């Protein structure tokens, strides 16, 4: 009977799959997040140092703690996403993040900056990712890497379209004006988008994206329609596997290197003989280069191997750090670095898709939160150590070499990674 149903579905004309609407919505969110926050915050780095008269180590500490904080809240945010649904989590994040940016523009001391930056802004921009990634994981299986990569490409578009505007406001007016405008934009644009986020209901998931080609509708205690998928690991089963911890370490090392380069993007390029304004332009250019890299990375990962495609991206990270350390000073080094670093970032969402590939859908958000908790410690160390090295030596060269070594270890872990054996149940 089930086989006949599948054959009948295969003969029907293919309509536009609703899961791609979720990808578009997530991509628009990523555009906002990337342009205003993830890429955009790098433009604030030197102006904040001048405003609060602090060292690079101190400001790096603030930027790094947001990763640590995001990791600490990861398991709880993931648990709530799995239990109450992603839409509520995304809405809450948009409100908190928008308010955080507005409050940031009003602070007048380093202490209040820390309270707002870490207590409000970082929380607001961390929460939606749990909801958005979990939603895509519910809609896709076979094309999961492609779907997540297409959604993530919005960040690159935001870095190209939105970050230059933020940079212009910061350099021409003030970082305070840029922060307040960012908060208002987040609320006005983000809230309507958040209300469109939803999981598939009944048999909405595409047959080819269901484990074994089948999905079985069921209902929860409240009578809401759900979709139960075969092949899901429980949280305990997943955490008992070796690959879970290897994956967590690999993601942590990748983000340790990436966070150091992202937070110090502008000052690192300035240290290599590039002007602050030119470095800000290269920051937006890096987003443009990252766009095709992310899309190609997702397609290659789904066709070949997500873990090995991630390993190859790490090789480009090694090259990016090496060229910064030993390449000639000037604009050419900045351009080469931008291209190589974009290639290293091409696997960002692919590595998160590995959690869904290895352990299924039912507990994806919580497991992602647990990985976030573990990798946040390493993400915290990256920018702080890089800032400390510069303050101690007045050079980033040792930091560049350490980043390259970090990418080497991540390459080995991703290349050797294998899917876990099916969980044994009595």
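Every number here is computed from the coordinates shown, using simple stated rules; none is lab data. Keep in mind that this is a model prediction, so the values were computed, not measured.
Calculate, in whole percent, how much of the Cα-Cα pair population of segment 263-319 lies beyond 18 Å.
Working: 776 of 1596 pairs.
Everything past 18 Å amounts to 49 percent.
Can you give the convex hull volume per residue for the Cα atoms of segment 320-377, as a whole number of Å³? Numbers along the way, then the final one.
On the way: hull volume 5.4 nm³, N = 58.
So the per-residue hull volume is 94 Å³.
Taking a cut-off of 26 Å, what percent of all Cα-Cα pairs in segment 289-426 are separated by more than that? Numbers along the way, then the final one.
Numbers: 2982 of 9453 pairs.
Taking all Cα-Cα pairs of segment 289-426, the fraction more than 26 Å apart is 32 percent.
Once both axes come from the Cα atoms, what is the angle between helix 175-194 and the longest principal axis of the chain, in degrees from 0 to 90, rounded to 10?
10 degrees
Relative contact order for the chain: what is it in percent, counting Cα pairs under 8 Å that are at least 6 residues apart? Intermediate values should be presented prior to the final figure.
Numbers: 776 pairs, mean separation 114.4, N = 426.
About 27 percent, as a whole number.
Taking only Cα atoms, what is the 0 to 90° angle, nearest 10, from helix 86-104's long axis to the longest principal axis of the chain?
That helix lies at roughly 10 degrees to the long axis.
Please compute the volume of the convex hull spanned by the alpha-carbon atoms of the chain and report it per residue in Å³. Each step should come with its number before you reach the end.
Working: hull volume 57.0 nm³, N = 426.
In the chain, the Cα convex hull volume per residue is 134 Å³.
Averaging over all projection directions, find the projected area of the Cα convex hull of segment 226-380 and quote it in nm² with one decimal place. Intermediate results must be reported in sequence, preceding the final value.
Numbers: hull surface 40.5 nm².
Directional mean of the projected Cα hull area for segment 226-380 stands at 10.1 nm².
Taking the Cα centroid of segment 283-313 and of segment 72-150, what is the distance between the two, rounded to the nearest whole Å?
Going from one Cα centre to the other spans 23 Å.
Specify the angular offset, from 0 to 90 degrees and rounded to the nearest 10, of the alpha carbon long axis of helix 163-172 from the longest principal axis of the alpha carbons in the chain.
With both axes taken from Cα atoms, the answer is about 20 degrees.
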